Structures are given as structure tokens and as C-alpha cells.
1. For region 89-187, give me every one of the strands (runs of 3 or more DSSP E) that falls completely inside it and has 1 or more residues that are touching a residue at least 60 places away in the same chain (Cβ under 8 Å).
2. How about region 85-98: which of its residues are exposed (fewer than 15 other Cβ atoms within 10 Å of the Cβ), under 22 Å from the mean Cα position of the chain (by Cα) and not aliphatic (A, V, I, L, M)?
3. Considering 179, 158, 126, which residue is at negative phi and in contact with a Ser or Thr (Cβ under 6 Å, 6 or more places away or on another chain)?
4. Test residue 16 against the criterion of being out of contact with any helix residue (DSSP H, G or I) (no Cβ under 6 Å at 6 or more places or on another chain), on the phi > 0 side of the Ramachandran plot and at pLDDT below 90, and give yes or no.
5. Report, ordered by the first and then the second residue, all pairs with beta carbons closer than 6 Å, sequence separation of six or more or different chains, a first member in region 49-73 that is open to solvent by 60 Å² or more (accessible area, probe 1.4 Å), and a second member that is assigned to a strand (DSSP E or B).
Amino acid sequence: MPLRKLASRRLKKMSGAPSDFLRIARVLKSYGTEGEILVGFRELGPEDLNLKEPVFIMFDGLPVPFFIESLKEKGTSKALLRITGVANLKDAEELAGKEIFAKKSAIIPEDGDDEVLDIEDLLGWTLKGKDGEKIGEIFDFEPIPGNPCLYVEVNGETIMVPIHDDLIIDIDEEGQTLTLDLPEGLI
């Protein structure tokens, strides 16, 4: 069924004013021939969404609900989505460039009890390798989008070390040590 027909059928079930919505992503392109779409997230990420709630795409100025059937994260700000009613390449291509919205109530609130540790907080900390050996002291950082790096003093030399969730083994706030599983040959 073409998306426009699907959209007009769903509009009758739609409720809520546009002010209830937040723009969360943009459809970048279709992906494959099975109806998947590649989306780029904005300030919020997939982890901030209640995936049981629908997302909305505007058709003729009206928000149309779609449910996320599957989501595979790609990097830090992109994901592959499969949404209801989009089953082939033609349907997916029709969505390219469209904004994706969510109701404010579908956003998972941040847990106020957890203090977030920023990269700036790591200055002066000790960096350790996966074997627990001291590598050096963190004295600066480079906020490269999608690939932040730390500057570490190692035996009188400065090295740049990537910091990514996949590399972090342990964060010891009390002892001010960061333990990373660094790639071979980086140090």
C-alpha cells in the first residue's frame, strides 16, 4: 500500500497538537530493498526513546504515526530503522529527507540521580591499560565530534588516545583512574 494511502488511513486515529512533538531525527536515505531507512538523530538518541511509543512523520502538514519494528545503531548519531508500513525500497525512498518527530511523553527522562561525568572531568586523571599498568596522566582533550580524544603524557611525550564507550573497561572516580582497552600499537 503506498505511504500516502497508509498516511490518510492513520490520520483518523491521530491525536495531539504539533506543539506536543519534538523533532528527533531526519531520514537520510533508504537502506537496502526491504524498507529499512537510515536516520540521523539530533540532540536525542535512540536510547532516549520509548520504542513502544510511535514516532511521527509529516505528510501534507499532518503528523502520521509509525511504530519502530527494529532499530540498529550505526555509530553515535545514526541508526537503521524498520517502521510499520514501510516494506520496500519505493516506500523507504519516499521518506528520504523527511523529519521524524516524537511526542514529548515518548522521551525517556534523564535520571536526575546519576551525575554525568564529562570529558573535562578526566583532566588530571591517570590512564591505565587493560592490564592495569599506568600509561600516563590525562592533561587535555580534543572534542572531535563522534571521536573525542584525550591527550596523555607518556614518558615525556604527548600521545592522543581515542575515548569511546567500547574502549572503557573501568572508571574509578574515587581513585581518579580511567582504564581503557586500547588498540595494539597505539602506545
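1. Correct list: 99-103.
2. 97
3. Checking each option against the conditions leaves just 126.
4. Yes: the conditions hold for residue 16.
5. Matching pairs, first to second residue: 51/68; 69/82; 72/80; 73/79.
The values are calculated or read from the model by the stated rules, or taken from the named source; none is laboratory data. The structure displayed is predicted, hence computed values, not measured ones. Because the Cβ atoms are built from the backbone with ideal geometry, glycine has one as well, and the counts that use them run over all protein chains shown. Only protein heavy atoms, including side chains, enter the accessible area calculation; ligands, DNA and RNA are left aside. Shrake-Rupley method; radii C 1.70, N 1.55, O 1.52, S 1.80 Å.
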